[in-house]
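Every read-out reported here was derived from the displayed coordinates using simple, explicitly stated rules and does not represent laboratory data. Predicted model, so just to flag it, every value in this text is computed and none were measured. Cβ placement follows ideal geometry from the backbone for every residue including glycine, while neighbour counts extend to all protein chains displayed.
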Amino acid sequence: MKENAQKEKIALVTGASKGIGKAITLKLASMGIKVAINYNSSKDDAKETADKIIANGGSAIILKADVSNYDEVQEIIKEVDSTWGPIDILVNNAGIISDNLLVRMSIEEWTKVINTNLNGTFYCTRSVLRNMLKNRWGRIINIGSVVGLRGNIGQTNYAASKAAIIGFTKALAKEVAARNITVNTVTPGYINTETVDILPQKLKDHILTHIPQQQFGEKEDIAHIVGFLASQESNYITGQTISVDGGLAI
Ligand code: NDP
């Protein structure tokens, strides 16, 4: 299990221009990992993050791709490969919501969430896996959600996409375990990001009554566990769903 331990690792974090993805990127860079920062529309934010990492002596590049587009995903993975070499660590973080009650949910609302959250995870993972299998080392860390475990009104599309990621993680973990590749899902609860900031105060107060720790999490709470799962120290952990949610999913 110690094979490949000394190589300087290369990571791709999807949806890393802001929020949780940005915090994960900064954490991995602080561990000496070279980070490829994927963004879709927020180029300035992605560049700012890369500049910060480089200013601190790390290595970072930014790559534009819509993860729901398989061709664009393959392009950026080729670009990382030609710049640094094959990807060792993939963090499937890019995710969106498009809420509506099911009875009113449009085909477009359903499809865009499934295409980004679930198909994006499949496209990115499929595109990096062959090299991980060849190198006999890899880390795949998927970002799920407490909503994939518990459901939530108005989020059937999102809950389905995030629950599917858990099944995907377990099946793939079994397929690749013998090659030193681990696959895990981190399921955040409510984390202080733009997504949570914009909720009405009344709703935030209501949510807090359901969280045993009575507070929202920080982006760094997710980044720390992802950093651990990306490291050698997590060698014997695979196929797991790890909740970081102040006890919400209990
Ligand atoms: P943000 O909305 O703050 O950021 C989303 C990121 O995903 C952005 O960097 C955005 O890039 C990127 N993104 C969106 N669509 C695409 C796409 N098609 N292709 C590539 N990148 C894309 O999200 P959070 O930080 O809040 O969430 C990150 C992850 O954590 C998501 O998977 C989310 O479901 C999950 N999560 C978040 C929780 C929370 O409380 N915040 C709770 C539970 C789970 P750009 O701006 O460049 O388009």
Seminar exercise, completed: For the chain, the longest principal axis of the Cα atoms and the Cα long axis of helix 156-176 enclose an angle in degrees, to the nearest 10, of 30 degrees
For this session: Could you state, as a whole-number percent, how many of the C-alpha pairs of segment 1-112 are farther apart than 20 Å?
Result: 44 percent
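How would you rank Ser68, Ser106, going from fewest to most other Cβ atoms within 10 Å of each one's own Cβ?
Least to most surrounded, the residues fall as Ser106, Ser68.
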Problem set entry | Relative contact order for segment 1-85, counting Cα pairs under 8 Å that sit 6 or more residues apart, in percent | 25 percent
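Neighbouring Cβ atoms within 10 Å as the yardstick, rank Ile20, Ile250, Ile181, Ile97 fewest first.
Exposure proxy ranking, most exposed first: Ile250, Ile97, Ile181, Ile20.
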Problem set entry | Average Cα contact separation per residue, the chain, under 8 Å, 6 or more apart, as relative contact order % | 19 percent
Exercise. Going by the alpha-carbon gyration tensor, a ≥ b ≥ c the square roots of its eigenvalues, is segment 96-233 rounded (a/c under 1.5) or, if a/c is not under 1.5, prolate (a/b greater than b/c) versus oblate?
Worked result: oblate
Exercise. Within the chain, what's the longest stretch lacking trypsin sites (Lys or Arg not before Pro) that sit in DSSP loops with no more than 13 other Cβ atoms inside 10 Å?
Worked result: 8-135
Exercise. In debye, nearest 20: dipole of the chain around its Cα centre with unit charges on the Cβ of K, R (+) and D, E (-)?
Worked result: 640 debye
Seminar exercise, completed: Placing one equal point scatterer on each C-alpha of segment 37-180 and summing with Debye, one gets log10 I(q)/I(0) at q = 0.09, 0.18, 0.21 Å⁻¹ equal to -0.32, -1.10, -1.29
Problem set entry | With 5 Å bins from 0: P(r) over the chain, alpha-carbon pairs, percent | 1, 7, 14, 19, 21, 17, 12, 6, 3, 1, 0
For this session: Any chance you could give the angle, 0 to 90 degrees and rounded to 10, that helix 19-30 forms with the longest Cα principal axis of the chain?
Result: 30 degrees
Seminar exercise, completed: Diffing segment 39-54: the Karplus 3J(HN,Hα) column from phi (6.51, -1.76, 1.60, θ = phi - 60°), in whole Hz with x for Gly and Pro, holds 9, 10, 10, 9, 5, 4, 5, 5, 5, 4, 5, 4, 4, 4, 5, 5
Problem set entry | Ascending count of other beta-carbon atoms within 10 Å, so fewest first, for Met31, Met132 | Met31, Met132
For this session: Calculate how steeply helix 219-230 sits against the longest principal axis of the alpha-carbon atoms of the chain, using the helix alpha-carbon long axis, and give the answer as 0 to 90 degrees to the nearest 10.
Result: 40 degrees
Problem set entry | Mean separation of Cα contacts under 8 Å (6+ apart) over length of segment 78-175, as relative contact order % | 36 percent
